[in-house]
Each structure stands twice: as structure tokens, then as C-alpha cells.
């Protein structure tokens, strides 16, 4: 099953963002024309059928099957992918992220000291991971926050500061994870310029220039990831082991219907239908997730003495009809849908569908935007 749209045929610099999730692969292709990013095509393909389970269900597939699914999606006539140059996401669960305090020294000294200090925070031998790091800017609103950009090369932080101690964001990914994604790239005939942890792609596509703390709630099939981001820095990250497929399974068990029928009900009216049983069951699952989110918000506010400005909903679960209203009634913040397609130009007649499907494509759009920007350097 796929969603797609294809347009704009002229030869221009192009970039492809590929988000390999637990239940689906999503791709977005954009190009640059007259200094603007233009949407060319996007598509989604469920992975469940490749693993013998239903659409919308999370599945663990071997590399060859993921590559086959990606190839099938790119071969879709209506999707019509025309570039091999891409960026690919790495699941947040496959990474380890920590903020460590370091002395104020030059970047060359930091490049030696950070890997040594990082050993204390990484539970596996340091030679088994690829390490990246960046200096966290001080509270200077004129300074652009930094995030790790590419694995395999050391990020360069700012030079000397006036403060004796600095915070450094350290990210580690196991080499086996990178190798697995490289195999997918090779099998698919792609040219991957980078692998990026999904939260950084999402931040690029849905966050604006606000300096206030924002919570990003990414509801996938198997889990819900929440991040509180302030000035480009991830202050809080937490994974809730419940996601959109839990809604489907709970509906199936409670109503004594098949998973396929439950998925249809969930994707149909969702929380906006007239069936009170369906609404109550969905609400029960979401209440647990929202309670966990509120706990993280409270912990952040107590630690930093700052209020979370708003919550952005992204991921496949954010497409559930009525979820924004329910979130607004449960969370202690304003709630909006993350709209990554607002960062690119597209025909006006696609406005409604891009608004509805946008939250699902936050990672893929963010990847494509970075790849397109790098092509101009």
C-alpha cells in the first residue's frame, strides 16, 4: 500500500530522504529551483506484508527484505524517484546520546578528550561505535545551536569561550547498525551522503526559530518517542513502549475482530466516529501515553524552571483523526501537528492531503532538506 504524488520534471539539483521505520518506509524527493525547495514526489510502503503481518504492524526484517521493499517503493511508476542521492535515517533506539561537561579548550584538544570521556557513558567498547559530538552553545540567542551532522567525521565546535566549562552533546551509534544500513544502500543502488538519527531530521523539518522549549511527540507503530528541545538542544528524551499498533491490537481484542478490521476502524473515523466503544478503547491507550508525556514535561519544568511552550505531534500515529483535540485536553501545553511540508513548495491542490499526511513524513522531509542543502555547498 502506498501514498504518492509526482510532479515537476525539469532537471534540477535533487535530493531524496529515506525514513526506514518499524512499520513502513517513507521517501520524499525534493529539488531546488530559484533558491527554493520544491516537492517532487513522496511515497510510503508498509513493511508488514514483507514479514507476514498486517499493514500498520511493526516488524523486524532482515536487510535483504528491507532493501527489496525500498526497491519496490522506488520502482512505483507513480512515485517516480529520479535521483540516487539521499540521506537515510537511523532510529533513535539505535543510538546513545548524552551531554557531558568538558573543560574549555580548543577544538583539537576536544577531539582527543571527548572520546576518552565518552567511555564513561557508553556501555560497549568505544571501538565498537562511531562517535560524533558537538559543543552546546551557551545562552546566546544570536548563536545557532549545533547538532551532530554526520557519523565518521568529528564535528567541530566553536572556538574558545569565556567560561571555563562547556557542555558537549555526544552521540554514539554501533558500527553494526551503520554497516546494516550501508548494506541496504548498496543493495538498493543508492548514494547515501549521510546517516542521521531521526530526531535531528524531525527537528529540521518541523521546528521554527522559537527559543522556547518545545516537546516533539513522535508516535510510531511500536513506540512513542518524546523529546523536549530548547534552542536546538535535546534536553529530555524518553521512549514509551506503546504506539499506534497498540491501539489496533486493543481494538481487536476488545471488539473481538481481526487486526485488519481493527486497523480499518482506527484509520477510518478514529476518535471522531459515532461508535463510543471504539472511541473509549482508543482513548484508553492514548491516556497512558499522555500521562507519560506529562510526567516528562513536569520533570523538565522542575529541573530547568521553564515551561514547555507547545507540543508538536509527528509520526504515523499523529494521523489518527481527533488525536490533536484529545492531546490538547490531556497535555499541559498547546498542541499542534508537525507540518514538514510547509518547508517546501507544492501545488495548492495538495494542501489538504499534505497537511493530513505531513506528520508521518517529518523525518523523510528533514533528511531531504539536509541533503539538498549539502548539494549546494
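Quick one: which residue in 147, 214 is over 30 Å from residue 249 (Cβ atoms) and modelled with pLDDT of 95 or more?
Working: 147 fails: modelled with pLDDT of 95 or more.
Only one candidate qualifies: 214.
Within the range 56-82, count every residue that is assigned to a loop (DSSP other than H, G, I, E, B) and either surrounded by fewer than 15 Cβ atoms within 10 Å (Cβ to Cβ) or over 20 Å from the mean Cα position of the chain (by Cα) (or both). First the steps, then the outcome.
Within the range 56-82, the subset assigned to a loop (DSSP other than H, G, I, E, B) is 56-62, 76-82.
Those still in the list that are either surrounded by fewer than 15 Cβ atoms within 10 Å (Cβ to Cβ) or over 20 Å from the mean Cα position of the chain (by Cα) (or both) too: 60, 62, 76-82.
Going through the range 56-82 one residue at a time, the tally reaches 9.
So that you can scan it fast, the table gives a plain yes or no per residue for (1) in the same structural domain as residue 226 (by TED's automatic domain parsing); (2) touching a helix residue (DSSP H, G or I) at 6+ places or on another chain (Cβ under 8 Å):
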residue: 327; (1), (2): yes, yes
residue: 333; (1), (2): yes, yes
residue: 347; (1), (2): no, no
residue: 352; (1), (2): no, no
residue: 355; (1), (2): no, yes
residue: 360; (1), (2): no, yes
residue: 363; (1), (2): no, yes
residue: 366; (1), (2): no, yes
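Would a scan of the range 276-285 turn up a residue that is assigned to a loop (DSSP other than H, G, I, E, B) and modelled with pLDDT under 95? It would help to see each step written out before you state the result.
Keep residues of the range 276-285 that are assigned to a loop (DSSP other than H, G, I, E, B), which gives none.
No; the residues of the range 276-285 include none that is assigned to a loop (DSSP other than H, G, I, E, B) and modelled with pLDDT under 95.
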>> With the requirement that a residue be farther than 17 Å from residue 326 by Cα and free of Cβ contacts under 8 Å to residues at least 24 places away in the same chain, what does the range 246-294 give you?
In response: 249, 252, 253, 256, 257, 258, 261, 262, 264, 265
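Quick check: anything in the range 55-68 at pLDDT below 90 and in contact with a helix residue (DSSP H, G or I) (Cβ under 7 Å, 6 or more places away or on another chain)?
Here is the first cut: in the range 55-68, the ones at pLDDT below 90 are none.
No, the range 55-68 contains no residue that is at pLDDT below 90 and in contact with a helix residue (DSSP H, G or I) (Cβ under 7 Å, 6 or more places away or on another chain).
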> Which residues, taken from the range 299-321, are farther than 13 Å from residue 335 by Cβ, over 18 Å from the mean Cα position of the chain (by Cα) and in contact (Cβ under 8 Å) with a residue 24 or more places away in the chain?
Replying inline: 299, 300, 304, 306, 307, 321
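Please specify each residue of the range 344-361 satisfying the condition of being surrounded by 18 or more Cβ atoms within 10 Å (Cβ to Cβ) and part of a helix (DSSP H, G or I). If you could, list the steps in order and put the result at the bottom.
Initial filter on the range 344-361 (surrounded by 18 or more Cβ atoms within 10 Å (Cβ to Cβ)): 344, 346, 354, 357-361.
354, 357, 358, 359, 360, 361 - these are the residues of the range 344-361 that are surrounded by 18 or more Cβ atoms within 10 Å (Cβ to Cβ) and part of a helix (DSSP H, G or I).
Could you grab me the full set of residues in the range 235-245 that are touching a residue at least 60 places away in the same chain (Cβ under 8 Å) and closer than 21 Å to residue 20 by Cβ?
Residues of the range 235-245 that are touching a residue at least 60 places away in the same chain (Cβ under 8 Å), as a first pass: 235-237, 239, 243-245.
237, 239, 243, 244, 245, listed by residue number.
Residue-wise test of (1) assigned by TED's automatic domain parsing to the domain that holds residue 236; (2) at pLDDT below 85; (3) outside any strand (DSSP E or B).
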residue	(1), (2), (3)
99	no, yes, no
105	no, no, yes
109	no, no, yes
116	no, no, yes
127	no, no, yes
137	no, yes, yes
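When you check residue 2 against the structure, is it closer than 21 Å to residue 183 by Cα, outside any strand (DSSP E or B) and either within 21 Å of the chain's Cα centre (by Cα) or modelled with pLDDT of 95 or more (or both), yes or no?
On the way: closer than 21 Å to residue 183 by Cα: no; outside any strand (DSSP E or B): yes; either within 21 Å of the chain's Cα centre (by Cα) or modelled with pLDDT of 95 or more (or both): yes.
Here the answer is no, as residue 2 does not meet what is asked.
Yes or no: residue 24 at pLDDT 95 or above, buried (at least 16 other Cβ atoms within 10 Å of the Cβ) and closer than 30 Å to residue 131 by Cα? Write out each step before concluding.
Values: at pLDDT 95 or above: yes; buried (at least 16 other Cβ atoms within 10 Å of the Cβ): yes; closer than 30 Å to residue 131 by Cα: yes.
Yes: the conditions hold for residue 24.
The values are calculated or read from the model by the stated rules, or taken from the named source; none is laboratory data. No experiment lies behind these values; they were computed from the predicted model shown. For neighbour counting, all protein chains shown are included, and Cβ atoms are generated from backbone atoms with ideal geometry for every residue, glycine included.
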